[in-house]
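S.K.: This is the structure, below, for whatever I ask next.
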Amino acid sequence: TRYPLGMLLSTLTLCLMLVDAKCPVHFGRARAEDDGGILQAEPRRMLLEFDAAAVNKLDIDAVKADLKALFLDSKDSWPADFGNYGPLMIRMAWHCAGTYRQSDGRGGCDGGRQRFDPERSWADNVNLDKARGLLWPIKQKYGNALTWGDLIILAGDAAIESMGGPILGFCAGRVDDADGTASLPLGPSLDQEMVAPCSVNGECEAPLGASTMSLIYVNPEGPMAVPDPELSAPQIREVFGRMSMNDSETVALIGGGHAFGKVHGACPTGPGPSPAQQPWNPWPGTCGEGPMKGKGNNTFTSGFEGPWTTNPIRWDNEYFQNLLKYDWEVHVGPGGHHQWRPVNKDASDPDPVANIMMLTTDVALLKDPIYLELVKLFAANQTALDIAFSHAWYKLVTRDMGPYSRCLGDQVPPPQPFQAPLPPPPATKPDFKAVEKAITKALRTASSALPADMVGGKPYYGALFATLAWQCASNFRQTDYTGGCNGARIRFSPQKDWPQNVAMDSVLAVLEPIKASFPGLTYADLIVQAGSTALTNAKARKLKFCSGRSDASPDETPFPFQPPRVFSNKLVQLKDNAQVMGLTSREMVALQARLRSPSQQRRLGYSGSWTDNPSLLTNEYFKVLLNNDWVNVTSAAGQLEMKAVGTEGVYMMPTDLAVKWDPVFATIAQEFATDANAFLEAFAAGWNKLMIADRFKGPTGNECK
Ligand code: HEM
């Protein structure tokens, strides 16, 4: 396999030797809310240094002009192929963005974490340290107005443009991370082993993005390095799908990208140690001798050798034409790996095409009927390629930025479908005080839409309203800024059909008369206000309500927001969800004690709840959790649940018990059990944060603050 098992071990050794080294594996130095190194609460962002005003004012055309001049200024320290660094920059930008995965929104170039381990030492990122090094003078010149994340993507854009390729626009505003923490779940790392182990490297499954650890998508040589294009095609579809790319986007990106540049594998001896192994001189290169050892024609990057087209610094559709024009045969190239050449052409042939090559993953595009049709389309129609590539490239480099409202700068194209655009909120807002009154009344008024919980023999909908607001908002992911209650997409499939959302349409139906009697009131605002009103009524600290959400149209193409993931290890689930939602451990633990409806628990398949009085938000939850012994039982509906020993009808869910099992969560739970005030404060902080988490105003701003 291509995953350097030795890398992790040698990195561990190095990190143990160098206490202050930026270790790709975290050793759990003491930190508030640190959980011992596995699944830390929040990635560290350099917010203090992010200057949205400066980014907004940046003259992007001036940066691009500087970049284009830099691309043509070949340096002896790392000579440019064909006198142009453009192709190297495109590969850097694509590898920075291509880490994105739809499963949990992690990865992507926002954060600029390609500078840090684990990403910087990935086998697929060999020699990209040179590309970033070339950019330093430009980073220095523009300072805080140009983050590393923006610069890396802009370098890719400028390179495509400078060689004649199409660019849709630029969404600025990537906020640089202070280290590689947020990429630990991508692996290789202990965090990744916990959350998403890969049992057969080369066949890694979702939620991991790539098939192979430390590669961006797939092994270019073919699955498990077997040069079989027929096997490679389904793997390409699988992993590009994990990154939310469809077939047309996939083919346009691969062939559009490989219109440029070449692969590097001058000899079989490899690139040398990675930055994690040898930070002082990473990937020195082992091919050739003398001053040009390891560079220029002696470069070893991937271990394959040659360009895809006869003019690798010009944008065109020759890649697709070459694929169709020649029969391709496999051979072992100078770098010792299988690659493909036109039949009957070898290095001694004077024909310029004798020089060109394809990877197994390129030839794979001929072996799948849908891919083949797209190859034919792009070979015949340059305009179709221009349109498909420019849109797919913009999506590739922008989708981890989330909605349109996070983009800064004057070159932002109109909202794209992948940004899940929402209509503007209604111009006239209702009287929210009056809405609150109506909700308060509805809390204890029986409705034919759904039987209420009964408290003291009277109907009570508060726990159901709080559950609806939670279900609406809690699919928010700070990893890619998707989800949340804005748009109220919980009304539509697929969200409404998620098992955890069972009967949420009926809870909304209880609120329907209120929606009908207040023109200008959106479902999204109503859902959030109903949840917060119910909690305030249940004696939560006064919760902030910030109106102004809009409703997605029922006619929109269903947006594939991902449900929170379900892990067999509930401890990992709770921690991972907290991290993805952007909640601290304190906030997550406090929110576990939100009002819990016994009737809804039964609809979810459990035998009941831990309390039959869900009308009060108190720290009782933590007392019940900590003061009982629990046994695993299976409910009549087949749900695994926990029963309090020696009691009747007191049930919790495995995720509740995870709070007790984890020492950091348990410590917080103990504090909450003994300090009601601390609990209520943490609860309000977490609830308020989550309810407005999707109200973006630029990359770091929030329109509710
Ligand atoms: C280079 C594989 C998709 C752009 C390479 C190299 C490999 C590779 C092995 C050679 C690196 C080296 O030795 O220097 C793949 C595979 C892909 C894929 C397996 C997916 C199946 C893409 C995409 C883009 C892209 C989507 C951009 C849209 C490039 C460029 C280079 C390159 C521009 C040339 C770099 C240079 O000249 O220095 N690719 N690639 N590739 N790739 Fe891809």
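S.K.: If the requirement is being hydrophobic (A, V, I, L, M, F, W, C), modelled with pLDDT of 95 or more and near the ligand (Cβ under 10 Å from one of its atoms), which of these qualifies: Val263, Val226?
M.R.: On the way: Val226 fails: near the ligand (Cβ under 10 Å from one of its atoms).
Only one candidate passes the filter, namely Val263.
S.K.: Please go through the stretch 441-458 and give me each residue that is of a type outside the set (A, V, I, L, M, F, W, C) and either buried (at least 16 other Cβ atoms within 10 Å of the Cβ) or touching a Cys at 6+ places or on another chain (Cβ under 8 Å) (or both), ordered by number.
M.R.: Ser447, Asp453 - these are the residues of the stretch 441-458 that are of a type outside the set (A, V, I, L, M, F, W, C) and either buried (at least 16 other Cβ atoms within 10 Å of the Cβ) or touching a Cys at 6+ places or on another chain (Cβ under 8 Å) (or both).
S.K.: Right, here's the next one. Mind checking which residues of the stretch 589-599 are in a helix (DSSP H, G or I) and buried (at least 23 other Cβ atoms within 10 Å of the Cβ)? Lay out the reasoning, then the answer.
M.R.: The first filter runs over the stretch 589-599 and keeps only residues in a helix (DSSP H, G or I), leaving 589-591, 598-599.
Selection gives Val589, Ala590.
S.K.: With respect to Ala276, is the statement that it is more than 13 Å from the ligand (Cβ to nearest atom) and more than 26 Å from Trp315 (Cβ to Cβ) true?
M.R.: So Ala276 fits the description; yes.
S.K.: With respect to Thr286, determine if the residue is assigned by TED's automatic domain parsing to the domain that holds Gly86 and more than 13 Å from the ligand (Cβ to nearest atom). Break it down into steps so the answer makes sense when it comes.
M.R.: Values: assigned by TED's automatic domain parsing to the domain that holds Gly86: yes; more than 13 Å from the ligand (Cβ to nearest atom): yes.
Yes, satisfied.
S.K.: If you scan the stretch 298-333, which residues turn out to be outside any loop (DSSP other than H, G, I, E, B) and within 13 Å of the ligand (Cβ to nearest atom)? First the steps, then the outcome.
M.R.: Here is the first cut: in the stretch 298-333, the ones outside any loop (DSSP other than H, G, I, E, B) are 298, 300, 306-307, 318-325, 328-332.
Matches in the stretch 298-333: Asn298, Phe300, Gly306, Pro307, Tyr319.
S.K.: Another question about this same structure. If we keep just the residues of the stretch 375-393 that are open to solvent by 50 Å² or more (accessible area, probe 1.4 Å) and within 16 Å of the ligand (Cβ to nearest atom), which is nearest to Asn322 (Cα to Cα)? Lay out the reasoning, then the answer.
M.R.: Looking only at the stretch 375-393, we keep the residues that are open to solvent by 50 Å² or more (accessible area, probe 1.4 Å), and these are 376-377, 380-383, 387, 391.
From the residues that got through so far, the ones that are within 16 Å of the ligand (Cβ to nearest atom) too are 387, 391.
On the way: Ile387: 20, His391: 23 Å.
Among residues in the stretch 375-393 that are open to solvent by 50 Å² or more (accessible area, probe 1.4 Å) and within 16 Å of the ligand (Cβ to nearest atom), the one nearest to Asn322 (Cα to Cα) is Ile387.
S.K.: Determine which member of the set Trp122, Trp136, Trp148 is within 15 Å of the ligand (Cβ to nearest atom) and either open to solvent by 30 Å² or more (accessible area, probe 1.4 Å) or at pLDDT 95 or above (or both). Outline the logic, then answer.
M.R.: Values: Trp136 fails: within 15 Å of the ligand (Cβ to nearest atom); Trp148 fails: within 15 Å of the ligand (Cβ to nearest atom).
After applying the criteria, what remains is Trp122.
S.K.: Would you pick out the residues in the stretch 478-497 that are surrounded by fewer than 24 Cβ atoms within 10 Å (Cβ to Cβ) and basic (Lys, Arg)?
M.R.: Arg491, Lys496, listed by residue number.
S.K.: Surrounded by fewer than 21 Cβ atoms within 10 Å (Cβ to Cβ), at pLDDT 95 or above and more than 31 Å from the chain's Cα centre (by Cα): is that true of Asn344 in this structure?
M.R.: Numbers: surrounded by fewer than 21 Cβ atoms within 10 Å (Cβ to Cβ): yes; at pLDDT 95 or above: no; more than 31 Å from the chain's Cα centre (by Cα): yes.
Considered against the rule, which asks whether it is surrounded by fewer than 21 Cβ atoms within 10 Å (Cβ to Cβ), at pLDDT 95 or above and more than 31 Å from the chain's Cα centre (by Cα), Asn344 comes out as no.
S.K.: To continue, here is another question. For the stretch 101-119, name all the residues that are open to solvent by 20 Å² or more (accessible area, probe 1.4 Å) and assigned to a helix (DSSP H, G or I).
M.R.: First, pick out the residues of the stretch 101-119 that are open to solvent by 20 Å² or more (accessible area, probe 1.4 Å): 102-103, 115-116.
Within the stretch 101-119, Arg115 is the sole residue that qualifies.
S.K.: Tell me, please, whether a residue that is open to solvent by 10 Å² or more (accessible area, probe 1.4 Å) and within 24 Å of the chain's Cα centre (by Cα) can be found in the stretch 254-271.
M.R.: Checked the stretch 254-271: at least one residue is open to solvent by 10 Å² or more (accessible area, probe 1.4 Å) and within 24 Å of the chain's Cα centre (by Cα).
S.K.: Counting only residues that are in a loop (DSSP other than H, G, I, E, B), open to solvent by 10 Å² or more (accessible area, probe 1.4 Å) and not hydrophobic (A, V, I, L, M, F, W, C), which one in the stretch 77-98 is farthest from Gly257 (Cα to Cα)? First the steps, then the outcome.
M.R.: Residues of the stretch 77-98 in a loop (DSSP other than H, G, I, E, B): 77, 79-80, 84-85, 98.
Subset that is open to solvent by 10 Å² or more (accessible area, probe 1.4 Å): 77, 79-80, 84.
Add one more test, that the residue is not hydrophobic (A, V, I, L, M, F, W, C), and what stays is 77, 79, 84.
Numbers: Ser77: 25, Pro79: 21, Asn84: 15 Å.
Result: Ser77.
This table checks each residue for (1) over 29 Å from the mean Cα position of the chain (by Cα); (2) under 30 Å from Val659 (Cα atoms).
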position: Glu512; (1), (2): yes, no
position: Phe518; (1), (2): yes, no
position: Gly531; (1), (2): no, yes
position: Pro554; (1), (2): no, no
position: Gln562; (1), (2): no, yes
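S.K.: Of Gln601, Gln579, Gln573, Gln592, which residue is farther than 21 Å from Thr482 by Cα and out of contact with any Gly (no Cβ under 8 Å at 6 or more places or on another chain)?
M.R.: Values: Gln601 fails: out of contact with any Gly (no Cβ under 8 Å at 6 or more places or on another chain); Gln579 fails: farther than 21 Å from Thr482 by Cα; Gln573 fails: farther than 21 Å from Thr482 by Cα.
Being farther than 21 Å from Thr482 by Cα and out of contact with any Gly (no Cβ under 8 Å at 6 or more places or on another chain) holds for just one of Gln601, Gln579, Gln573, Gln592, which is Gln592.
S.K.: Pairs, please: C-beta under 7 Å, at least 6 apart or cross-chain, first residue farther than 10 Å from Ala590 by Cα and in the stretch 666-678, second among the basic types (Lys, Arg)?
M.R.: Ala666/Lys660; Ala673/Lys623
S.K.: Can you pull out every residue in the stretch 348-396 that is over 25 Å from Phe170 (Cα atoms) and of a type in the set (Val, Ile, Thr)? I'd like the intermediate steps shown before the answer.
M.R.: Narrowing the stretch 348-396 to residues over 25 Å from Phe170 (Cα atoms): 348-377, 379-381.
Selection gives Val353, Ile356, Thr360, Thr361, Val363, Ile370, Val375.
S.K.: Looking at the stretch 170-218 only, could you name the residues that are over 14 Å from the mean Cα position of the chain (by Cα) and hydroxyl-bearing (Ser, Thr, Tyr)?
M.R.: Hits for the stretch 170-218 are Ser189, Ser199, Ser211, Thr212, Ser214, Tyr217.
S.K.: Select from the stretch 600-619 the residues that are outside any loop (DSSP other than H, G, I, E, B) and either surrounded by fewer than 22 Cβ atoms within 10 Å (Cβ to Cβ) or among the aliphatic types (A, V, I, L, M) (or both) and list them in ascending order.
M.R.: So the first thing to find is which residues in the stretch 600-619 are outside any loop (DSSP other than H, G, I, E, B), and the list is 600-603.
Passing the criteria: Arg602, Arg603.
S.K.: Checking the condition assigned by TED's automatic domain parsing to the domain that holds Met358 and either assigned to a loop (DSSP other than H, G, I, E, B) or more than 13 Å from the ligand (Cβ to nearest atom) (or both), which residue from Glu203, Glu249, Glu238 passes?
M.R.: Numbers: Glu249 fails: either assigned to a loop (DSSP other than H, G, I, E, B) or more than 13 Å from the ligand (Cβ to nearest atom) (or both); Glu238 fails: either assigned to a loop (DSSP other than H, G, I, E, B) or more than 13 Å from the ligand (Cβ to nearest atom) (or both).
Only one candidate qualifies: Glu203.
S.K.: Okay, next question. Check Pro185 against each of (1) within 14 Å of the ligand (Cβ to nearest atom); (2) part of a helix (DSSP H, G or I); (3) crowded, with 23+ Cβ neighbours inside 10 Å and name the one condition it does not meet.
M.R.: Result: Pro185 fails condition (1) only.
The values are calculated or read from the model by the stated rules, or taken from the named source; none is laboratory data. Please read all numbers here as calculations on a predicted model, not as lab measurements. Using ideal geometry, Cβ is built from the backbone for each residue, glycine included, and neighbour counts are taken over all protein chains shown. We work out accessible area using only protein heavy atoms, side chains counted, and drop any ligands, DNA or RNA first. Shrake-Rupley method; radii C 1.70, N 1.55, O 1.52, S 1.80 Å.
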